[in-house]
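First comes the structure, then the notes that go with it.
The values are calculated or read from the model by the stated rules, or taken from the named source; none is laboratory data. Everything numeric here is computed off the predicted structure, so don't read it as measured data. No Cβ is skipped: glycine too gets one built from the backbone with ideal geometry, and neighbour counts run over all protein chains shown. The area values use the complete protein model at the heavy-atom level, side chains included, leaving out ligands, DNA and RNA. Shrake-Rupley method; radii C 1.70, N 1.55, O 1.52, S 1.80 Å.
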Amino acid sequence: MAVVKMKKFRIIGLSSEKNTIIDKLLRSGAAELTPTEETELTVRALETGDLDRAASVYSRVVVALDFLKERQKACRLLVKKGTLPEETLQGIEKSGFLQSRTSIAAEDFEKVSLQEEELLSVCGELEKLSAEKTEIKTRLSALQALKEGVWSYRDFTLKFSQVRPTKHVRFLLGTCKNTSSLQRDTQELFKKYGADAQLLPVKDVKGKTREYILFLAAEKERAQGLDADLALMGFVPCPYDFDCTAKEKLKEVRAEIKSLREREQALETDASEFFSYEKSLRLLSDNYRLKMELIRADADFAKTAKTFILECFVPAPDAARVEKAVCAATENIVLDIKDAEEKDCPPTLLKNNSFVGPYENITNTFSPPSYFEADPNPAVAIFYVIFFGIMFGDAGYGLILAVACFLAVRLFKPEKGMRNLLLIFGMGGISSIVWGILFGGIFSIDSVQPVWFAPLYDPITMLGLCFALGLAHIFVGMGYQAYDFIKNGRIADAIYDVFSWYVIFLGGGLAALSLLLVPALPVYVGLAILAAGVLVLMFGGAVRAKGVFGRIIGTVSPLYGIVNYFSDVMSYSRLFGLALASGVIGLVFNTLAGVFINLIPVAGYILAALLLLVGHGLNLAIGLLGAYVHDSRLQYIEFFGRFYHGGGRLFVPLGSNLKYVTIKQEV
């Protein structure tokens with residue numbers, strides 16, 4: 001259970017055999033390509049044309065897949081409504097939140113290139129359908145806006161084109177908001193401009209008059225200033241000049257909308273004919289994804305006119321296998337293998353057992369460990385499980401969570417990241433079962449007797465347990481810090497900054513034990529050990545400082561660490577808080593359910609069942625989120641803050657960064 005050692009391969013070969021060697025590395029599933037250092041006789045160059053072409057094809061395929069996915073959703077809805085037959089959904093590939101990538105042989109993965117011309121033709125057809133879909137959508141949006149605008153004039157009987165000025169008369173058509181002064185303002189227009197105005201109410205779907213159509217005629221000679229007065233009235237001129245009435249235009253618009261809707265539905269049927277190509281398009285997408293990766297990697301190779309230099313990282317356990325495969329591919333190579341060094345910036349690959357492995361997710365979310373530091377995941381796994389169980393704290397909830405998560409892993413076989421998260425929750429559920437039995441917490445039923453104690457009725461013991469576990473967590477973090485110091489030759493720092501605190505806590509613990517629980521144990525023994533630890537701590541601060549004043553400050557300043565340790569231990573009170581909160585909320589729902597049953601003879605049982613189902617479901621969800629977040633926070637701040645450097649880069653072998661498939665390891 002540690003960081004896997006890496007070997008660095010340096011391969012010098014003929015350019016004509018480069019693809020053969022890269023293919024062997026790809027099939028091995030254990031080689032991460034890395035930029036090669038140039039020499040005086042080599043160069044590095046990126047063939048931008050090849051990359052641009054590959055990126056262009058990849059983009060087309062991705063767009064086609066996205067369009068197919070949208071059409072599949074639309075077809076499912078239409079099938080549910082009965083608009084389209086069930087057969088329309090044939091050929092749809094399974095996909096989902098928990099769906100894992102398909103494992104495929106390298107030969108089958110490469111065969112998709114034989115269908116490339118056909119598949120790109122399919123992409124072209126889908127692009128046409130997508131363009132037509134966009135045009136229809138744009139046109140429908142415009143027609144809907146036109147329909148809403150013309151609808152206001154549906155009671156106006158003249159054609160829009162008839163509302164135009166003559167030699168001596170000016171005609172105006174538009175709408176005005178329904179205001180209390182509208183009638184009076186219209187009369188004022190007649191008095192001021194001799195304008196003859198007609199008002200037609202425009203009612204909404206509820207029958208309320210929101211606005212009026214204003215049709216107005218005025219002599220041109222007297223119409224100066226008319227526009228300004230109309231603007232003050234909120235008059236909006238009619239923008240239409242159709243050679244038809246509003247009702248005729250509405251009929252025409254509705255007919256066009258209906259026609260476009262029918263064509264839109266027909267497009268779904270047309271698109272469904274290509275659903276069977278989705279699997280091949282996914283393969284082609286990943287094929288070009290890999291091509292782009294190889295083109296970029298090729299740009300990092302050092303080259304001469306006829307040779308190339310390739311470098312890659314290979315996990316030490318796989319080194320012999322990869323070496324054998326590469327050497328079997330060709331005899332015309334020079335292969336140098338060495339241990340990865342710090343200057344090489346090797347990637348990090350962790351190898352842990354089935355219990356610890358899932359918790360790599362927690363650590364990697366913060367930052368992957370550096371290749372040269374200790375793997376913290378064994379300790380993270382142990383404490384994460386313990387803390388999660390305490391905070392979730394209910395055996396009933398834990399049983400539901402564990403069964404649901406382990407079943408999801410077994411049935412759906414999700415990708416590694418989701419699988420690890422489900423396993424974390426599942427193991428947390430098992431821990432919750434154990435702690436729930438110890439605490440008497442089973443769906444917050446008050447009558448259940450605890451095996452150990454009930455936190456709700458003995459909060460001091462619960463708080464003490466949380467602080468004790470927190471102190472143990474911190475001690476393990478300090479142990480990692482000491483290991484890091486010793487590994488890097490800083491033995492004095494390990495003694496002064498870590499072991500001195502172990503001695504201080506040991507002495508303080510013995511002194512407290514003698515005063516509270518074991519009077520026979522002389523208190524001065526603990527105090528003497530504590531004093532020895534303090535002296536070592538102060539001495540370490542003094543000897544590493546410079547100057548007289550610096551040594552004085554260095555002697556005293558380490559003692560401030562007591563405050564830091566105290567505040568860190570207090571942070572573990574969140575275990576206490578979340579455990580009690582979850583129990584109290586569940587107890588409240590149980591109490592309310594009992595009230596319903598007592599007050600309402602028959603329906604009370606139904607209401608109580610619904611309340612318990614919703615209430616405990618909500619409590620479980622909130623408890624799960626709280627346990628996950630706060631447990632992670634304790635690892636990141638209190639634990640990692642002691643020793644963890646992070647900043648590592650995860651090992652990503654060639655061909656592993658595909659979206660839809662994984663290539664089977666063959667060599």
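When you scan segment 258-267, do you find a residue that is touching a residue at least 24 places away in the same chain (Cβ under 8 Å), open to solvent by less than 60 Å² (accessible area, probe 1.4 Å) and not in a helix (DSSP H, G or I), even just one?
Within segment 258-267, none of the residues are touching a residue at least 24 places away in the same chain (Cβ under 8 Å), open to solvent by less than 60 Å² (accessible area, probe 1.4 Å) and not in a helix (DSSP H, G or I).
Restricting to segment 559-583, name every residue that is farther than 30 Å from residue 388 by Cα and either open to solvent by less than 30 Å² (accessible area, probe 1.4 Å) or free of Cβ contacts under 8 Å to residues at least 12 places away in the same chain (or both).
Result: 560, single match.
Any residue in segment 203-230 that is within 20 Å of residue 150 (Cβ to Cβ) sitting within a Cβ distance under 6 Å of a residue that is open to solvent by 100 Å² or more (accessible area, probe 1.4 Å) and in a strand (DSSP E or B)? List the pairs, counting only those 6 or more apart or interchain.
Close Cβ pairs (under 6 Å, with a partner that is open to solvent by 100 Å² or more (accessible area, probe 1.4 Å) and in a strand (DSSP E or B)) amount to 204/210; 211/177.
Out of the residues in segment 306-323 meeting the condition of being open to solvent by 20 Å² or more (accessible area, probe 1.4 Å) and in contact (Cβ under 8 Å) with a residue 60 or more places away in the chain, tell me which one is farthest from the chain's Cα centre (by Cα).
Looking at residues that are open to solvent by 20 Å² or more (accessible area, probe 1.4 Å) and in contact (Cβ under 8 Å) with a residue 60 or more places away in the chain, I get 306.
Scan segment 308-347 for residues that are touching a strand residue (DSSP E or B) at 6+ places or on another chain (Cβ under 6 Å) and of a type in the set (Val, Ile, Thr) and jot them down.
309, 314, 322, 333, 334, 337, listed by residue number.
Determine whether segment 231-251 contains at least one residue that is open to solvent by 80 Å² or more (accessible area, probe 1.4 Å), modelled with pLDDT under 85 and touching a helix residue (DSSP H, G or I) at 6+ places or on another chain (Cβ under 9 Å).
Checked against the condition, which is being open to solvent by 80 Å² or more (accessible area, probe 1.4 Å), modelled with pLDDT under 85 and touching a helix residue (DSSP H, G or I) at 6+ places or on another chain (Cβ under 9 Å), segment 231-251 yields no hits at all.
Kindly establish whether residue 506 is at pLDDT below 95, out of contact with any Cys (no Cβ under 6 Å at 6 or more places or on another chain) and farther than 19 Å from residue 395 by Cα. Don't jump to the end; show me each part of the working.
Details: at pLDDT below 95: yes; out of contact with any Cys (no Cβ under 6 Å at 6 or more places or on another chain): yes; farther than 19 Å from residue 395 by Cα: yes.
When the stated conditions are applied, residue 506 passes them.
Just one of 554, 586 is open to solvent by less than 50 Å² (accessible area, probe 1.4 Å), part of a helix (DSSP H, G or I) and at pLDDT below 85; which is it?
Working: 586 fails: at pLDDT below 85.
Exactly one residue qualifies, and that residue is 554.
If residue 150 meets every condition in (1) part of a loop (DSSP other than H, G, I, E, B); (2) touching a residue at least 40 places away in the same chain (Cβ under 8 Å) apart from one, which number is that one?
Only one criterion is unmet by residue 150, namely (1).
For segment 433-444, indicate whether the set of residues that are among the polar types (S, T, N, Q), touching a residue at least 40 places away in the same chain (Cβ under 8 Å), open to solvent by less than 40 Å² (accessible area, probe 1.4 Å) and under 21 Å from residue 380 (Cβ atoms) is non-empty.
Within segment 433-444, not a single residue is among the polar types (S, T, N, Q), touching a residue at least 40 places away in the same chain (Cβ under 8 Å), open to solvent by less than 40 Å² (accessible area, probe 1.4 Å) and under 21 Å from residue 380 (Cβ atoms).
For segment 615-660, enumerate the residues that are part of a helix (DSSP H, G or I) and among the small types (Gly, Ala, Ser). I'd like the intermediate steps shown before the answer.
Going residue by residue through segment 615-660, those that are part of a helix (DSSP H, G or I) are 615-643.
Within segment 615-660, 615, 617, 621, 623, 626, 627, 632, 641 qualify.
Tell me which residues, restricted to segment 63-103, are at pLDDT 90 or above, out of contact with any Leu (no Cβ under 6 Å at 6 or more places or on another chain) and not charged (D, E, K, R).
Hits for segment 63-103 are 63, 68.
Report the residue count in segment 54-73 for those that are among the basic types (Lys, Arg) and crowded, with 19+ Cβ neighbours inside 10 Å.
Here the count works out to 2.
Can you name the helices (runs of 4 or more DSSP H) wholly within segment 351-435 that have at least 3 residues being within 24 Å of residue 99 (Cα to Cα)? Give the steps one after another, and end with the answer.
Values: elements: 360-366, 377-392, 395-412.
Output list reads 360-366, 395-412.
Open to solvent by 70 Å² or more (accessible area, probe 1.4 Å), touching a residue at least 24 places away in the same chain (Cβ under 8 Å) and of a type in the set (S, T, N, Q): which single residue out of 361, 352, 332, 377 fits that description?
Matching residue, one of 361, 352, 332, 377: 332.
Considering (1) crowded, with 18+ Cβ neighbours inside 10 Å; (2) under 43 Å from the mean Cα position of the chain (by Cα); (3) among the small types (Gly, Ala, Ser), say which one residue 540 fails and leave the rest.
(2)
Output the residues belonging to segment 160-203 that are in contact with a helix residue (DSSP H, G or I) (Cβ under 8 Å, 6 or more places away or on another chain), basic (Lys, Arg) and either closer than 14 Å to residue 213 by Cα or surrounded by 15 or more Cβ atoms within 10 Å (Cβ to Cβ) (or both).
Within segment 160-203, 170 is the sole residue that qualifies.
Restricting the search to segment 70-82, which residues are assigned to a helix (DSSP H, G or I) and either free of Cβ contacts under 8 Å to residues at least 12 places away in the same chain or in contact with a Lys or Arg (Cβ under 6 Å, 6 or more places away or on another chain) (or both)?
Those that are assigned to a helix (DSSP H, G or I) and either free of Cβ contacts under 8 Å to residues at least 12 places away in the same chain or in contact with a Lys or Arg (Cβ under 6 Å, 6 or more places away or on another chain) (or both): 70, 73, 77, 79, 80, 81.
Here are some conditions: (1) within 25 Å of the chain's Cα centre (by Cα); (2) over 21 Å from residue 635 (Cβ atoms); (3) modelled with pLDDT of 95 or more; (4) not hydrophobic (A, V, I, L, M, F, W, C). Residue 436 meets all but one. Which one does it not meet?
Residue 436 satisfies every listed condition except (1).
Quick one: count up the residues across segment 445-474 that are open to solvent by less than 60 Å² (accessible area, probe 1.4 Å) and of a type in the set (Phe, Trp, Tyr).
Number of matching residues: 2.
Only one of 446, 484 is within 27 Å of residue 631 (Cα to Cα) and part of a helix (DSSP H, G or I); which?
484
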